[in-house]
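Here's the structure, in structure tokens; my notes come after.
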Amino acid sequence: MTRRIFEPLFALVAVLMLADRALAEDAKPAAALPAAKITYDEHVRPIFREHCFSCHNPDTKKSDLSLATFASVMQGGSTGAVIMAGDTGSSRLWGLVSNAEEPKMPPNQDKLPAAKLEAIRAWIEGGALENNGSVAKVKKSAAMELTATVGSAKPAGPPPMPEGLSRQPAVYTPRAGAVTALAGSPWAPLVAVAGQKQIALYNSDTAKLLGVLPFPEGIPHVLKFSRSGSLLLAGGGQGAKAGTVIVFDVKTGKRVFEVGDELDIVLAADINEDHTRIALGGPGRVVRVFSTADGSLVQEIRKHTEWIYALEFSPDGVLLATADRAGGMFVWEAETAREYQNLAGHKGAITDVSWRIDSNILASSSEDGTIKLWEMENGKEVKSWAAHGGGASSLEFARDGKLVSAGRDRLTKVWDGNGAVVRELAAFGDIATEVAFTHDGARVVAGDWLGDVRLSEVADGKQIAQLPPNPPTLEMIVQARTAAAAAAAAQAQKTAADLAAAETVLAEKAKSSKATADAAAAQAQKAAAELAAAEAALAEKIKANKAAADAAAAQAQKAAADIAAAQAALAEKAKNNKAAAEAAAAAQAELQNVLAEKAAFEQAQSMQASTAK
């Protein structure tokens, strides 16, 4: 992570730590009790002495619990803390003495009198004060339910995405600062980009800004989405002055929890898989683990000899890996903080750690330029390769087992599980400081010392978009949109004028075309009429020709019959040659008669035909 690349010259400044921000309720004593503060020394210890010391004193300490001193009461017993200041419902001791829980206390006695119970209740609710000089410090509780399904499986329902968040940046500068932290949601198309006193949230599918989360505490040096994707953890602060961890609700952007009141910045932090523990570390060389139930410090790990640069809970929540700038790296049992593995091998500062999804392999990057893979059964190094010349600054496992890393050589590289390069992205203008996968492992978001944050495809290495850590203000967006709208309006006006001119030309052309079409239509109509007349004349001619043909046919038929009859007569005449002479005159006369009759007939026929025409 970036803190190991450009670590400032932090000075150890002696400052007074701020008191915890607490919600202190006024004590509610019974009528018999004084109106002053209800304290352990004055009001509660006498009750414990009378009813409880026989079992819970420094010598017997039944259940490893002594009620003889304020410190021992607040320390608790074998089952953990028994008093939660300001919260009787979470205080085990109250549940027992009020007989609301088993075993009822004190044993073999009647229930404590109401006045004494009221004194104990008022003492807890009033902040569990030791004496009259004490100040109530009620332990913090989360602003929402933080528990989550154990494990790394996808939670039920749609993955959380920001809804209705403001896009107004807390700080805007013309130039972005070095990229100090990046994170990708495990289930949603959402990436977080650290900026100056703010965190920008972008949609990794569309590259659109979804909202800005203010971080007035300083610069975020670590961003981590919870395994469920519903929470975003941000750790950071101001060098040599203050450090803290804030947990945001991804959907609403609200702060739901805050832990750590460090005297220097937080450089490494994480939240475990079921949202019950938050671990942090930094220049103080101490890993602190807090409970999200009430914000109490549950563990401190003081094994590191140098600044803690990286830490991460395993996906199954069983282990916690921590690493420092001296090359020290340890794996701890998350529940007990007992050392599980000491992973020695890097020759330079360890800059980042990341667990494989099965929690069996831990990857680490170092300023010695290498990436190493460690198995957890024996704590052995199973793979090591030279990744970045000059030093590797950041790395992360994808869900499918691929790795992505960034380094001082200005490069971002995607590796397979055996350390072979899958994709090398275009070099940055300066040292590549941070890198993360998107939810589906298909894209990589990476940033450099100059504040350049790029969203790129893993498949082909193509840059999709830039995701600025210093997004423009709403006023700047309004101005840009106003200018764009004005330009669009001017373009629309010009387009409208061009359209009007085109419509005028079109109208003229349409008018000319209509005249031409009308003339063509008239000509066509005339041609059609002429064609119809010609067709009618042709029909008459065809009809006349048919009648003439019919008459000719009839005439020919009659002529043929006449010829046949003449031939028959001639044959008869030949046959009767003997009587030819006598009949010649008669035949001649008859012939003349026939011819005359024929002529008359033909004349009549001809006249009839003429009349018909």
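Sorted by mean Cβ packing within 10 Å, highest first, what order do the peptides 398-410, 593-605, 418-430, 88-100 take?
Final packing ranking: 398-410, 88-100, 418-430, 593-605.
Of ASP59, ASP452, which has the most accessible area with a 1.4 Å probe, and how do the rest follow in descending order?
Largest to smallest exposure gives the sequence ASP59, ASP452.
Over the chain, calculate the relative contact order: mean separation of alpha carbon pairs under 8 Å at least 6 apart, over the residue count, as a percent.
Computed value for the chain: 9 percent relative contact order.
Hey, can you rank 227-236, 492-501, 110-119 by average C-beta count inside 10 Å, highest first?
In descending order of packing, they fall as 227-236, 110-119, 492-501.
For ALA521 and ALA489, compute 0.36 nm times the residue count separating them, minus their Cα-Cα distance, and round to one decimal in nm.
Gain on extension, ALA521 to ALA489, equals 7.0 nm.
So who's got an amide H within less than 5 Å of the one on TYR309, skipping anything under 5 residues away but keeping other chains? H placed 1.01 Å off N, in plane.
ALA323, ASP324, ARG325
For the chain, what % of the accessible area comes from carbon and sulfur atoms, probe 1.4 Å?
Of the solvent-accessible surface of the chain, carbon and sulfur hold 56 percent.
HN-Hα J couplings of the stretch 228-234 from phi, Karplus 6.51/-1.76/1.60, θ = phi - 60°, integer Hz, Gly and Pro as x?
Per-residue couplings from phi come out as 7, x, 8, 10, 10, 9, 10 Hz.
HN-Hα J couplings of the stretch 557-568 from phi, Karplus 6.51/-1.76/1.60, θ = phi - 60°, integer Hz, Gly and Pro as x?
5, 5, 4, 4, 5, 5, 4, 4, 5, 5, 5, 5
In whole Hz, with x marking every Gly and Pro, tabulate ³J(HN,Hα) for the stretch 516-531 from phi via Karplus 6.51 cos²θ - 1.76 cosθ + 1.60, θ = phi - 60°.
4, 5, 5, 4, 5, 5, 5, 4, 5, 5, 4, 4, 5, 5, 4, 5
Starting from 0.36 nm per residue, how many nanometres of slack lie between SER606 and ALA156 once their C-alpha separation is accounted for?
150.8 nm
Enter the angle in degrees (range 0 to 90, nearest 10) between the Cα long axis of helix 114-125 and the first principal axis of the Cα atoms of the chain, meaning the one along which they spread out most.
The angle comes out near 60 degrees.
Once the Cα atoms of helix 580-612 and of the chain are each reduced to a long axis, what angle between those two axes, in degrees from 0 to 90 to the nearest 10, is obtained?
Helix 580-612 and the main axis of the chain meet at about 40 degrees.
Just want to confirm a number: the relative contact order over the stretch 217-295, from Cα pairs under 8 angstrom separated by 6+ residues, in percent.
24
With a 1.4 Å probe and all protein chains left in place, how much accessible area per residue does the chain have, in Å²?
For the chain, the per-residue accessible area is 51 Å².
What lysines sit close enough to LYS62 to cross-link, taking a C-alpha to C-alpha distance under 23 Å and skipping anything fewer than 8 places away on the same chain?
Correct list for LYS62: LYS104, LYS111, LYS116.
I'd like the distance separating the alpha-carbon centroids of the stretch 379-412 and the stretch 288-325, in whole Å.
22
Just tell me which aspartates and glutamates come within less than 14 Å, Cα to Cα, of LYS208; anything on the same chain fewer than 8 places away is out.
Answer for LYS208, where 14 Å is the Cα cut-off: GLU163, listed by chain and number.
Add -39500 (n - 2.57) for each DSSP H run of 4 or more in the chain, then divide by its residues: what number comes out at 222 nm, to the nearest 500 deg cm²/dmol?
After summing the helix terms and dividing by residue count, I get -9500 deg cm²/dmol.
When semi-axes √(5λ) of the Cα gyration tensor in Å is calculated directly from the model, which label among (1) 51, 34, 24; (2) 60, 25, 22; (3) 110, 33, 29 fits?
(3)
Taking 25 Å as the cut-off for C-alpha to C-alpha distance, list the pairs among LYS383/LYS413; LYS154/LYS303; LYS254/LYS413; LYS197/LYS251 that go past it.
LYS154/LYS303; LYS254/LYS413
Please identify the trypsin sites (Lys or Arg not before Pro) of the stretch 324-398 that satisfy two criteria: DSSP loop assignment and at most 15 other Cβ atoms within 10 Å. Which are they?
ARG338, LYS347, LYS380
For the stretch 468-581, how many pairs of lysine residues have a Cα-Cα distance under 27 Å, where the two are 8 or more positions apart or belong to different chains?
Summing the qualifying lysine pairs gives 12.
Among 60-71, 303-314, how do they line up from the highest to the lowest mean number of other beta-carbon atoms within 10 Å?
303-314, 60-71
The values are calculated or read from the model by the stated rules, or taken from the named source; none is laboratory data. Every value quoted in this text rests on a predicted model; they were computed, and no experiment measured them. Note: ideal-geometry Cβ built from the backbone for every residue, glycine included; neighbour counts use all protein chains shown. Note: accessible area is taken over every heavy atom of the protein model, side chains too, but ligands, DNA and RNA are not part of it. Shrake-Rupley method; radii C 1.70, N 1.55, O 1.52, S 1.80 Å.
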